[in-house]
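Single-structure report; data block below.
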Amino acid sequence: MAGRVVLHYFNGRGKMESIRWLLAVAEVEFDEMHMTTREQYEKLLSDGALMFQQVPMVEIDGMKLIQSKAILNYIAEKHNLHGANLKDRVMINMYSEGIMDLMEMIMMLPFTPDPKPKLDNIHSKAKERYFPVFEKAVTGHIYLVGGKLSVADVQLLECTLMVEEKFPGIMADFPNLKSFQGRMTQIPAIGRFLQPGSKRKPQPDEVYVKTVMEVLNIKLPLP
Ligand SMILES: N[C@@H](CCC(=O)N[C@@H](CS)C(=O)NCC(=O)O)C(=O)O
């Protein structure tokens with residue numbers, strides 16, 4: 001029998017947070033190994049657990065999976081959160097990639113020495129490029145694709161909450177997206193994940209940034 005799911009990452013959001021969200025929605029219990037030292041990372045490397053020397057890594061069903069999108073797709077497929085057919089799936093993937101592009105910009109902010117111009121760019125991209133697409137997609141539809149909850153819906157909720165943390169009030173121009181958020185938070189597993197004390201991580205702080213930089217030997221500015 002496959003053991004419990006174990007997430008190997010930092011004690012912070014980064015590229016693992018969408019995986020935490022999806023597992024929570026699929027109601028899969030998981031444990032976390034938080035890397036705090038370079039030695040822990042080197043141990044994973046020497047064990048051959050990190051194919052491309054990168055985390056996230058997730059132990060699941062007897063495998064050690066890497067590459068966050070591959071991990072998300074595996075969990076989504078397994079838990080019926082990846083559409084009913086090939087055409088739905090490609091739409092889900094298109095939405096999901098767009099959402100991840102926006103979330104990645106926010107993810108990189110704490111590692112940016114001069115975040116103000118990046119923040120302004122994120123604001124205009126969210127408002128003019130990404131949110132209008134999703135506002136339209138959820139108008140008259142409960143979910144993004146095929147009338148069925150998918151990984152893209154889960155990521156869209158995660159993303160809109162992240163953007164709102166940076167720009168409170170941004171949703172005022174997107175009433176249907178706001179309603180979508182409201183519907184999604186009614187899903188019991190999501191309601192529980194949004195409660196304090198869940199495995200959802202807070203916004204990155206100085207400790208998180210310092211830990212990531214030390215463990216991965218990152219020097220600023222990033223290339
Ligand atoms: N495409 C990979 C990228 C993973 C990635 O960039 N991981 C960072 C931490 S968030 C890392 O391990 N960097 C170490 C390195 O690249 O040497 C994914 O989505 O999982």
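The values are calculated or read from the model by the stated rules, or taken from the named source; none is laboratory data. Predicted model, so just to flag it, every value in this text is computed and none were measured. Cβ atoms come from the backbone with ideal geometry, glycine included; neighbour counts cover every protein chain shown. Accessible surface is based on the protein model in full, side chains and every heavy atom, while ligands, DNA and RNA are left aside. Shrake-Rupley method; radii C 1.70, N 1.55, O 1.52, S 1.80 Å.
Here are some notes:
A quick yes/no check of all residues on (1) within 16 Å of the ligand (Cβ to nearest atom); (2) touching a strand residue (DSSP E or B) at 6+ places or on another chain (Cβ under 7 Å); (3) within 18 Å of L23 (Cα to Cα):
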{"site": "D173", "(1), (2), (3)": "no, no, no"}
{"site": "L177", "(1), (2), (3)": "no, no, no"}
{"site": "F180", "(1), (2), (3)": "no, no, no"}
{"site": "I187", "(1), (2), (3)": "no, no, yes"}
{"site": "L194", "(1), (2), (3)": "no, no, yes"}
{"site": "G197", "(1), (2), (3)": "no, no, yes"}
{"site": "N217", "(1), (2), (3)": "yes, no, no"}
{"site": "L222", "(1), (2), (3)": "yes, no, no"}
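- Residue within region 150-165 that is surrounded by fewer than 15 Cβ atoms within 10 Å (Cβ to Cβ), modelled with pLDDT of 95 or more and over 25 Å from Y74 (Cα atoms) present: yes
- I122 meets all of the listed conditions (1) outside the structural domain of A24 (by TED's automatic domain parsing); (2) open to solvent by 20 Å² or more (accessible area, probe 1.4 Å); (3) closer than 20 Å to G14 by Cβ but one, namely (2).
- Within region 62-86, considering residues that are part of a loop (DSSP other than H, G, I, E, B) and within 18 Å of R4 (Cα to Cα), the one most open to solvent (accessible area, probe 1.4 Å): G62
- Boolean, E59 is away from the ligand (no atom under 14 Å from the Cβ), open to solvent by less than 70 Å² (accessible area, probe 1.4 Å) and more than 26 Å from V163 (Cβ to Cβ): yes
- Qualifying residue in region 64-75 (condition: more than 16 Å from the ligand (Cβ to nearest atom) and touching a residue at least 60 places away in the same chain (Cβ under 8 Å)): no
- Filter pass, V55 being assigned by TED's automatic domain parsing to the domain that holds E206 and in contact with a strand residue (DSSP E or B) (Cβ under 7 Å, 6 or more places away or on another chain): yes
- Meets criteria (surrounded by fewer than 21 Cβ atoms within 10 Å (Cβ to Cβ), away from the ligand (no atom under 11 Å from the Cβ), touching a residue at least 40 places away in the same chain (Cβ under 8 Å) and not acidic (D, E)) for I92: no
- The single condition from (1) within 16 Å of the ligand (Cβ to nearest atom); (2) open to solvent by 30 Å² or more (accessible area, probe 1.4 Å); (3) not in a strand (DSSP E or B) that V28 fails is (1).
- Screening G140 against (1) more than 20 Å from the chain's Cα centre (by Cα); (2) within 16 Å of the ligand (Cβ to nearest atom); (3) part of a loop (DSSP other than H, G, I, E, B) leaves a single unmet condition, (2).
- Note on region 39-56: among residues that are in a helix (DSSP H, G or I) and open to solvent by 70 Å² or more (accessible area, probe 1.4 Å), the one that is farthest from N73 (Cα to Cα) is E39.
Residues are listed down the side, and each one gets a yes or a no for (1) in the same structural domain as A126 (by TED's automatic domain parsing); (2) part of a loop (DSSP other than H, G, I, E, B):
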position	(1), (2)
N176	yes, no
Q181	yes, no
R200	no, yes
Q203	no, yes
V207	no, no
K210	no, no
L222	no, yes
